[in-house]
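Structure, as structure tokens:
The values are calculated or read from the model by the stated rules, or taken from the named source; none is laboratory data. Since the structure is predicted, the reported quantities are computational estimates derived from the model, not experimental observations. Please note: Cβ atoms are built from the backbone with ideal geometry, for glycine as well, and neighbour counts cover all protein chains shown.
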Amino acid sequence: MELNLKIVAFRDAPGSLKDQVLRKLEDDFPGIVFRIAEKDPDVICFASGGSEKEALSSLKEGRFCLLLAGEQNNAYAAATEVKAWADNHKMCTRLVSMQRAKELYILEDLARVINVRRQLAGQKAALIGEVSHWLVASSFPFSLARNRLGIEIVHLSWEQLPDYFSCEPDAGFLETFKGYGHENLRNEARVHAFLKKIISDHQLSGITLECFNMVKGRNVTACLSLSLINSLGTVAACEGDLVSLVGMMLLKDITGNMPWMANLASVQNNGLLFAHCTAPLNQLTDISIPTHFETGKSAAVQGLLNMDEVTVFRLNASLDKVFISEGCIVAKPVHDFACRTQVEIELPESDHHLLRDHPLGNHHLIIPGKHKDSLSLQCQYLGFSCHRPT
């Protein structure tokens, strides 16, 4: 892992002072290679007081920079002055002490997200069909994803694609779902073959699919295929949701976990109900294959989510704000008023109220484990601000 580093000190400081700081960084963070960079550093390390003006010259609007300082030579005092200036000028920075950075692996997290940004740059995704008309807060111009994260999104209209019913049923799909006691899925297997071919032909890292017109017009859903594609490691969102598509790609690359895209179905005093019909197969136990919830047609995935502690995540449609919260699954109900796979999650009270009163949208992404601290830092580096009440 690499980080671009600038070390700043007072104007007449001996050159040996910066050398001493570099050696300490290399000793304290042996897993990181520090590249000295006067321009666009990822980290500005303060070697002493009197270094504020030198630090300011390397801050840039729209680019995150970590301000790092120890306790010696008034270094931390100088860093606080620069942090205040950066906040006043709406520069994206974070101030941490050398000790805290070491204890919390903050530099390692920063190096990882820089690597994620490089991985995302050039990845290709597709919108198949259109964004569902009810997703009024979940679409954006494709150029936004390219400019903010380097993700190239292409539009594949139904008119330019072959009829999915013309595809041969995918044998692997049929074999997979035969194991769950459901054998009459030949049309659903055609949809899976169709989506596999699109992903392969266009070399896609992710797709989002306008799916409701399929079940309404042709009595077939893509729920099982999307669930299987996700469980095999390619991002697959439904309803043409662009915000969820990009969020899923980001979360997968940062954490290594494939997110479950779920409706925020209900907000109660004791928890939040999330539900959807496309949970990844490898995240479920007690799997069954009922019909699609909203239409009662074709097939969908129902099961018990195999996790206890979770992180809940959502971007906004401007790709500049993020909701991140950690919680616990407190129930795995089977209500008849929501999509097939369901969980009730308890979040901290402030986040619970935020989702109730100021949600960024409907679909939220759920991954196993607690990732808020590392995700917050990494999203900050990528230029996302934390969602707060308006």
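Looking for something in a strand (DSSP E or B), under 13 Å from the mean Cα position of the chain (by Cα) and not hydroxyl-bearing (Ser, Thr, Tyr) - is there at least one such residue anywhere in region 329-339?
No, region 329-339 contains no residue that is in a strand (DSSP E or B), under 13 Å from the mean Cα position of the chain (by Cα) and not hydroxyl-bearing (Ser, Thr, Tyr).
Can you pull out the residues in region 365-379 that are modelled with pLDDT of 80 or more and in contact with a strand residue (DSSP E or B) (Cβ under 8 Å, 6 or more places away or on another chain)?
365, 366, 367, 368, 369, 370, 371, 372, 375, 376, 379
Please count how many residues of region 57-101 are modelled with pLDDT of 90 or more, under 24 Å from residue 32 (Cα atoms) and surrounded by fewer than 16 Cβ atoms within 10 Å (Cβ to Cβ).
Summing the residues that are modelled with pLDDT of 90 or more, under 24 Å from residue 32 (Cα atoms) and surrounded by fewer than 16 Cβ atoms within 10 Å (Cβ to Cβ) in region 57-101 gives 2.
Take the residues in region 278-302 that are of a type in the set (S, T, N, Q) and assigned to a loop (DSSP other than H, G, I, E, B); name whichever of them is modelled with the lowest pLDDT.
295
Being in contact with a helix residue (DSSP H, G or I) (Cβ under 8 Å, 6 or more places away or on another chain), closer than 27 Å to residue 236 by Cβ and not assigned by TED's automatic domain parsing to the domain that holds residue 252 narrows it down to one residue among 96, 82, 113; which is it?
That would be 113, the only listed residue that is in contact with a helix residue (DSSP H, G or I) (Cβ under 8 Å, 6 or more places away or on another chain), closer than 27 Å to residue 236 by Cβ and not assigned by TED's automatic domain parsing to the domain that holds residue 252.
Would you confirm, using the coordinates I've provided, whether residue 311 is within 21 Å of the chain's Cα centre (by Cα), crowded, with 22+ Cβ neighbours inside 10 Å and not in a strand (DSSP E or B)?
no
Starting from region 36-55, keep only residues that are of a type in the set (S, T, N, Q), then list their pairs with residues that are assigned to a strand (DSSP E or B) and modelled with pLDDT of 90 or more whose Cβ atoms are within a distance under 6 Å, requiring at least 6 positions of separation or different chains.
Short answer, once both residue conditions are applied: 51/8.
Just need a number here: residues in region 164-218 that are under 18 Å from residue 293 (Cα atoms), among the charged types (D, E, K, R) and in contact with a helix residue (DSSP H, G or I) (Cβ under 9 Å, 6 or more places away or on another chain).
Summing the residues that are under 18 Å from residue 293 (Cα atoms), among the charged types (D, E, K, R) and in contact with a helix residue (DSSP H, G or I) (Cβ under 9 Å, 6 or more places away or on another chain) in region 164-218 gives 3.
If residue 90 passes every condition in (1) part of a helix (DSSP H, G or I); (2) under 32 Å from the mean Cα position of the chain (by Cα); (3) on the phi > 0 side of the Ramachandran plot but one, which one does it miss?
(1)
Mind listing whichever residues of region 362-384 are touching a helix residue (DSSP H, G or I) at 6+ places or on another chain (Cβ under 6 Å) and either farther than 16 Å from residue 256 by Cα or small (Gly, Ala, Ser) (or both)?
Hits for region 362-384 are 363, 374, 377, 381.
Can you give me the number of residues within region 115-135 that are outside any loop (DSSP other than H, G, I, E, B) and within 23 Å of residue 4 (Cβ to Cβ)?
6
Which of (1) under 23 Å from the mean Cα position of the chain (by Cα); (2) crowded, with 20+ Cβ neighbours inside 10 Å does residue 266 not meet, given it meets every other one?
Only one criterion is unmet by residue 266, namely (2).
Please return the ranges of strands (runs of 3 or more DSSP E) entirely within region 1-76 where 2 or more residues are more than 22 Å from residue 380 (Cβ to Cβ). Write out each step before concluding.
Numbers: elements: 2-8, 33-36, 43-46, 65-69.
Ranges flagged: 33-36.
Within region 142-199, take every residue that is under 20 Å from residue 210 (Cβ atoms) and hydroxyl-bearing (Ser, Thr, Tyr) and give me the one that is surrounded by the most Cβ atoms within 10 Å (Cβ to Cβ).
Step by step, filter region 142-199, then rank; the result is 164.
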